[in-house]
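As structure tokens, the structure follows; a few thoughts come after it.
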Amino acid sequence: MKTIIEPFKIKSVEPIRFTTKEERIKLLKKAGYNTFMLHADDVLIDLLTDSGTSAMSSMQWAGIMQGDEAYAGSKSFYRFEEVVKKITGLKYIIPTHQGRAAERILFSTIGGKGKFVPNNTHFDTTRANVEFTEAEAVDFLNEKGKHPEIRAPFKGNMDVKKLEHFIKEKGKENIPVCMITVTNNSGGGQPVSMQNIREVKEVLKKYDIPLFLDACRFAENAYFIKKREKGYHDKSLLEIAQEMFSYADGATMSAKKDGLANIGGFIAMNDDELAMKCRNLLIVTEGFPTYGGLAGRDLEAIAQGLEEVLDEHYLQYRIRSVEYLGEKLVAAGVPIIEPPGGHAIYIDAKRFLPNIPPEQFPGQSITCALYIEGGIRVVEIGSVMFGTYDKDGKLIPPPMELVRLAIPRRVYTQSHIDYVLEIILEVYRKRSALKGYRITYEAPMLRHFTAQFEEINHKKHEG
Ligand SMILES: Cc1ncc(COP(=O)(O)O)c(C=O)c1O
């Protein structure tokens, strides 16, 4: 069969609200040109994130009713623990209310001044949690992963040589953990090959440094391995996921992604002492170790979601719908990170708007234009999110200026995707009229969530 269909039928629907372009121009201005500040009800198609935005299945909703809300030792915890252990093979499974809570607990326990944490690319919350302890977060993405136009199967891979060189330079005693983010969200949702995970593990083993997976999108990564890596075609997705985790000494997870749940996460590890320390911290800040800041019903929804996410029909539809959007954009000449990643399309804002320099935030300009043109909400992943300043207050831009269109899981149908395509092409057609932005307010950390902007050189938007 050539046509890949949504592998579900729809039982419950949620209306979306249409607004006019004039309304959206006013709403965006009121939001300080920051799409995080918009009311979700004013958004037609919400591609801000794939995190916590999944549509749950009837089985997950049924699980919600079965949630055991016992404070300690809830039945739902044991179901959750069993499913996570089946996939990861890790010894200690500690629930947390979301991914960043797992990160905070991990890095508060092993981070600190003078320490370094390597990763293929730290996600923003991961970086923030490492740096909050005054440790340094260092990225070792392979060279191909830094070039949006290069097509390669595993652009999320880590540069193993550079990693080893870094370990020798800084000393293994200063590197409490090495992370690999699968798939690599900040680098375009690109997958990491099994071979790369294995090679990283081999290097780390030499220096006795534990490997943790940032496993938010482990199932999508497993699907790419099955499709693209020799030797995995006939393996089940569960087997591939199990092999990925077999090289890890631990994992942090946001169940808001491949847990197909609206909230939740976990931290998992094999080390007895580390588990004890993490649990103790969890009790102070999140809750008892069998609920970790979640309700029993959330644990049920996550357990069920983790079973469903490894379904091959689901992942085929999921990855294909992202790829479909990517193919159409490329055919129309819109620059994106190629090949498309697992959960999102990343527009290459540098090539889309070559006339707007990083200090005028080209990605933010596209983000605003997509909302005004068609009520689509996306997010900038470039100088707004990752830019820093030198001592003279001059912007140090990150290597890439991207705009992410994250596709929520099981939420939108093909015609929604076709609408998104139409709007992007319209904005692309009008790109020479887009303006840069300047920041008028920014918080000291994770500024993109709350920053306020104004348009440079105010000019009326094209009608
Ligand atoms: C790769 C990665 N790590 C960590 C996180 C943090 O998870 P959460 O949003 O549940 O705190 C995210 C969230 O988007 C992510 O994409």
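Here's the yes/no breakdown for (1) within 15 Å of the ligand (Cβ to nearest atom); (2) among the aliphatic types (A, V, I, L, M):
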site	(1), (2)
GLN60	no, no
ASP68	no, no
VAL84	no, yes
ILE87	no, yes
LEU106	yes, yes
ASN120	yes, no
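Could you list all residues from the stretch 398-437 that are at pLDDT 95 or above and among the acidic types (Asp, Glu)? Result: ASP418, GLU422, GLU426.
Listed conditions (1) part of a helix (DSSP H, G or I); (2) over 30 Å from SER57 (Cα atoms) are all met by ASN355, apart from (1). Among the residues of the stretch 63-75, those identified as touching a helix residue (DSSP H, G or I) at 6+ places or on another chain (Cβ under 8 Å) and of a type outside the set (Lys, Arg) are GLY63, ILE64, MET65, GLN66, GLY67, ASP68, GLU69, ALA70, SER74.
Of all residues in the stretch 180-191, those satisfying the criterion of being more than 9 Å from the ligand (Cβ to nearest atom) and more than 16 Å from GLY382 (Cβ to Cβ) are ILE180, GLN190, PRO191.
Of all the helices (runs of 4 or more DSSP H) wholly in the stretch 359-463, which have at least 3 residues that are among the aliphatic types (A, V, I, L, M) and under 22 Å from the mean Cα position of the chain (by Cα)?
414-429
Given the criteria surrounded by 20 or more Cβ atoms within 10 Å (Cβ to Cβ), among the hydrophobic types (A, V, I, L, M, F, W, C) and within 16 Å of the ligand (Cβ to nearest atom), does VAL130 qualify? Yes.
ALA101 meets the conditions (1) over 22 Å from ILE263 (Cα atoms); (2) aliphatic (A, V, I, L, M); (3) under 22 Å from the mean Cα position of the chain (by Cα) in every case but one. The failed one is (1). Considering the stretch 319-341, the residues that are over 18 Å from the mean Cα position of the chain (by Cα) and part of a loop (DSSP other than H, G, I, E, B) include one that is surrounded by the fewest Cβ atoms within 10 Å (Cβ to Cβ), namely GLY333.
Looking at the stretch 223-281, which of its residues are within 16 Å of the ligand (Cβ to nearest atom), part of a loop (DSSP other than H, G, I, E, B) and closer than 16 Å to GLY89 by Cα? If the condition is that a residue be within 16 Å of the ligand (Cβ to nearest atom), part of a loop (DSSP other than H, G, I, E, B) and closer than 16 Å to GLY89 by Cα, then ALA248 is the only one that fits. Just one residue in the set ILE94, ILE150 is more than 13 Å from the ligand (Cβ to nearest atom) and outside any strand (DSSP E or B); that residue is ILE150.
Every test in (1) modelled with pLDDT of 95 or more; (2) closer than 30 Å to THR388 by Cα is passed by GLU338 save one, and that test is (1). Within the stretch 378-397, the set of residues being modelled with pLDDT of 90 or more, surrounded by 15 or more Cβ atoms within 10 Å (Cβ to Cβ) and farther than 18 Å from LYS435 by Cα comprises MET385, GLY387, LEU395, PRO397.
Please go through the stretch 27-84 and pick out each residue that is part of a loop (DSSP other than H, G, I, E, B), aliphatic (A, V, I, L, M) and under 30 Å from ILE283 (Cβ atoms).
Hits for the stretch 27-84 are MET56, ALA70, ALA72.
For PHE107, the stated conditions hold: it is crowded, with 24+ Cβ neighbours inside 10 Å, farther than 22 Å from HIS448 by Cα, free of Cβ contacts under 8 Å to residues at least 60 places away in the same chain and among the aromatic types (Phe, Trp, Tyr).
For the stretch 256-306, give me each residue that is under 26 Å from SER236 (Cβ atoms) and surrounded by fewer than 17 Cβ atoms within 10 Å (Cβ to Cβ). Answer for the stretch 256-306, where residues must be under 26 Å from SER236 (Cβ atoms) and surrounded by fewer than 17 Cβ atoms within 10 Å (Cβ to Cβ): just ASN270. Considering the stretch 133-151 alone, what residues qualify as being in contact (Cβ under 8 Å) with a residue 40 or more places away in the chain and surrounded by fewer than 21 Cβ atoms within 10 Å (Cβ to Cβ)? Scanning the stretch 133-151 gives LYS146, GLU149, ILE150, ARG151.
The values are calculated or read from the model by the stated rules, or taken from the named source; none is laboratory data. Because the structure is predicted, anything quoted here is derived from the model rather than measured. Here Cβ is always computed from backbone atoms with ideal geometry, including for glycine, and neighbour counts include all displayed protein chains.
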